[in-house]
Structure formats: C-alpha cells, structure tokens
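Notes for the one structure printed next.
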C-alpha cells in the first residue's frame with residue numbers, strides 16, 4: 001500500500017505570483033462589533049478545547065493482537081469508564097487507549113451494543129480527566145457544536161459546525177433504527193468515530209458515528225441521552241435490555257374497505273407471520289395472521305415502528321396492541337410476567 005502524503009500550498013490570488021508582498025487591505029476586515037463577536041466565538045471554542053481535550057482518547061487494538069477498527073472515544077468518569085462506537089470495538093474484548101498526554105492505557109470492553117453503535121470501555125487508570133453528558137433533548141437547530149477526535153490518525157483534532165437537524169433516524173449495523181440522531185455540520189472523517197460532539201459549555205451532546213460518503217458538512221451523532229441509557233443498562237444489568245415480542249412480521253397494505261369500516265388512520269399494518277411458542281406474544285394470545293396497527297396508542301405501519309415503540313417502553317411494563325383479526329378490531333395486552 002502506498003503512503004499518503006498531504007501537500008500544503010500557499011493561497012495566492014489568480015495571476016499573483018507574490019501575494020505575500022501585498023499589504024493587507026484593512027477595509028476587508030469586519031467592523032469592530034463583528035470582531036468582538038469573532039473573539040467571543042473563538043473564546044468559546046478555545047475554552048471547550050482546553051476543558052474537553054484531556055478526556056478524549058484514541059482507541060485501537062492492543063499491540064500484537066488482530067487488526068480491527070480504530071477510532072476515538074471519551075472518558076466519562078474519573079475511574080476510567082469511557083464511551084466509543086461499537087464498530088470501533090469490532091467484536092474485541094480488550095483494546096488500547098491513547099490519551100492526549102501520550103499515555104497508553106489498556107482497556108476492557110464492558111458492554112457492546114451494535115443496535116445503538118455504542119460501546120462502554122473501562123480504562124486501567126484512576127483520577128482521570130472526564131467530561132459530563134448534557135441533555136440532548138435541549139439541542140436546537142443552529143446551535144454551535146464542536147467535534148473532537150483523531151480523524152485519519154491526526155490526534156487531538158477539532159472541528160466546528162452547527163446542529164443541522166435533530167430527531168433523525170439511522171440504521172445501525174444490525175439493522176435496527178437508531179432514533180433521535182443528531183445531524184451536524186462539523187466536519188468529521190474516519191477516525192472521528194466514537195469521539196464526542198460537545199456544546200460550548202464543554203458538555204457532550206452526542207457521539208460522532210457516521211458520515212455520508214461524497215457529501216460535505218453532513219455528519220451524524222448518537223445523542224447523549226441514548227448514551228446515558230445504554231451506559232446505565234450495561235452497569236446495572238450487564239447488557240442492554242430490550243422488549244422482545246417473539247414474532248416475525250411483514251408489512252402489508254390494508255384493503256380500503258377495511259380502513260373505512262374501522263376508521264383507521266393508516267392503510268398499512270404489520271402482519272404476524274410467525275409466533276415463537278416461548279415468546280410473550282404466544283403466551284398472550286397473538287396468532288399468525290393478526291394485523292398489528294398500533295402499540296400503546298402509537299401507529300404501527302412498519303417493522304421499524306414496532307422496534308421504535310418497543311425501545312420506548314420499560315421492559316417491566318405492559319404493552320397494549322391494537323390488532324385486526326377476522327376483520328374485527330381487538331385489543332391485546334402483553335404482560336412481561
């Protein structure tokens with residue numbers, strides 16, 4: 001494989017062979033008020049860099065072990081718990097973390113959740129610098145955000161942008177949808193994966209996870225509220241618990257006459273094609289051929305809708321399904337016990 005080189009060329013005006021000798025045109029500078037705003041912007045970014053950088057890590061495999069993904073991460077507790085992407089972990093149980101001070105620390109994978117593309121690590125260290133999580137529900141479109149990490153092996157790199165959109169959905173490596181994804185305009189590249197997306201107060205609002213190939217200024221981050229939930233599941237239960245209905249389903253259109261007769265909102269439903277005999281759906285009376293149209297009063301018109309509803313319901317609470325069976329609308333309560 002050939003080496004990659006970066007070539008830096010000075011900028012010059014077209015047809016100007018000695019642009020450096022030209023005096024600066026002060027008329028091109030912004031007025032004093034704009035300079036003050038620029039200074040405030042710069043101070044905010046510098047403050048975040050000084051505050052957060054010590055807690056950002058580069059994540060790689062341990063020397064001598066098999067190759068795998070590499071990326072970034074961040075420490076969230078002084079006793080060494082850290083977050084990165086699941087695709088950075090790549091199925092490994094042990095990794096190596098490089099701090100911005102140049103210290104290399106062994107770390108174990110506490111939990112790996114491909115469904116949210118998040119993994120929890122435990123670094124072999126104490127009294128480590130760390131960052132706090134913000135409430136990602138408070139993010140607003142247009143808000144300044146800063147991406148941090150080690151793109152293309154360039155450690156301690158930052159980039160800035162704004163929140164371009166909230167509430168996006170993105171499909172994870174195992175096929176499930178990750179909801180409430182943050183879209184932002186801070187440039188990120190391979191190696192940024194797992195690094196923090198922070199606000200101007202130095203709090204983590206998301207975990208950078210993906211970019212769209214051949215697009216500019218379109219990056220995505222898993223929200224910090226999802227990080228909080230996944231972390232608590234790992235620490236309390238050793239895994240991320242999710243409701244399982246014990247069915248296989250497919251999306252089918254509903255006859256127009258049925259939609260009109262039952263006064264339905266959607267003309268699509270999820271048809272049950274298989275019911276596991278040991279699952280909660282079988283125990284509560286769901287049959288093959290049933291048409292699921294809603295769960296806990298939320299419209300269900302796709303399998304993704306089912307997964308989305310299940311992810312929002314506590315694992316120990318009841319579920320209420322609205323189904324169509326033999327042309328009649330019925331309610332079925334699924335109890336976890």
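The values are calculated or read from the model by the stated rules, or taken from the named source; none is laboratory data. What you see is a predicted model; the values in this text were computed from it and never measured. Here Cβ is always computed from backbone atoms with ideal geometry, including for glycine, and neighbour counts include all displayed protein chains.
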Being in contact with a strand residue (DSSP E or B) (Cβ under 9 Å, 6 or more places away or on another chain), assigned to a strand (DSSP E or B) and closer than 30 Å to residue 303 by Cβ narrows it down to one of 161, 165, so name that one.
165
Every residue from region 102-125 that is without any contact (Cβ under 8 Å) to a residue 24 or more places away in the chain and either touching a helix residue (DSSP H, G or I) at 6+ places or on another chain (Cβ under 8 Å) or over 14 Å from residue 56 (Cα atoms) (or both)
108, 109
Can you spot a residue in region 222-229 that is more than 24 Å from residue 305 (Cα to Cα), surrounded by 20 or more Cβ atoms within 10 Å (Cβ to Cβ) and not assigned by TED's automatic domain parsing to the domain that holds residue 303?
no
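Can you name the residue in region 111-126 that is over 14 Å from the mean Cα position of the chain (by Cα) and crowded, with 21+ Cβ neighbours inside 10 Å and is also nearest to residue 239 (Cα to Cα) among such residues?
It comes out as 121.
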Residue by residue through region 206-221, note down the ones that are crowded, with 17+ Cβ neighbours inside 10 Å and either under 10 Å from the mean Cα position of the chain (by Cα) or at positive phi (or both).
206, 207, 208, 209, 210, 220, 221
Only unsatisfied item for residue 128, checking (1) without any contact (Cβ under 8 Å) to a residue 40 or more places away in the chain; (2) in a loop (DSSP other than H, G, I, E, B), is (1)
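If you take the residues of region 171-183 that are surrounded by 15 or more Cβ atoms within 10 Å (Cβ to Cβ) and in contact with a strand residue (DSSP E or B) (Cβ under 8 Å, 6 or more places away or on another chain), which of them is farthest from residue 137 (Cα to Cα)? Walk me through how you get there before you give the answer.
In the first step, residues of region 171-183 are kept if they are surrounded by 15 or more Cβ atoms within 10 Å (Cβ to Cβ); the result is 172, 176-183.
In the following step, the residues that additionally are in contact with a strand residue (DSSP E or B) (Cβ under 8 Å, 6 or more places away or on another chain) were identified as 172, 177-183.
Details: 172: 21, 177: 18, 178: 15, 179: 12, 180: 9, 181: 11, 182: 10, 183: 13 Å.
Only one residue tops the list, namely 172.
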Condition (residue is without any contact (Cβ under 8 Å) to a residue 60 or more places away in the chain, buried (at least 17 other Cβ atoms within 10 Å of the Cβ), in contact with a strand residue (DSSP E or B) (Cβ under 7 Å, 6 or more places away or on another chain) and farther than 24 Å from residue 242 by Cβ) applied to region 193-205: is it met by at least one residue?
yes
Does residue 59 qualify as being surrounded by 23 or more Cβ atoms within 10 Å (Cβ to Cβ), in contact with a helix residue (DSSP H, G or I) (Cβ under 7 Å, 6 or more places away or on another chain) and part of a strand (DSSP E or B)?
yes
If you check 132, 140, 62, 94, which single one turns out to be at pLDDT 90 or above and over 29 Å from residue 161 (Cβ atoms)?
94
Tell me which residues, restricted to region 127-170, are within 21 Å of residue 116 (Cβ to Cβ), surrounded by fewer than 16 Cβ atoms within 10 Å (Cβ to Cβ) and more than 15 Å from the chain's Cα centre (by Cα).
132, 138
Residue 146: passes all of (1) in the same structural domain as residue 82 (by TED's automatic domain parsing); (2) closer than 26 Å to residue 173 by Cα but (1)
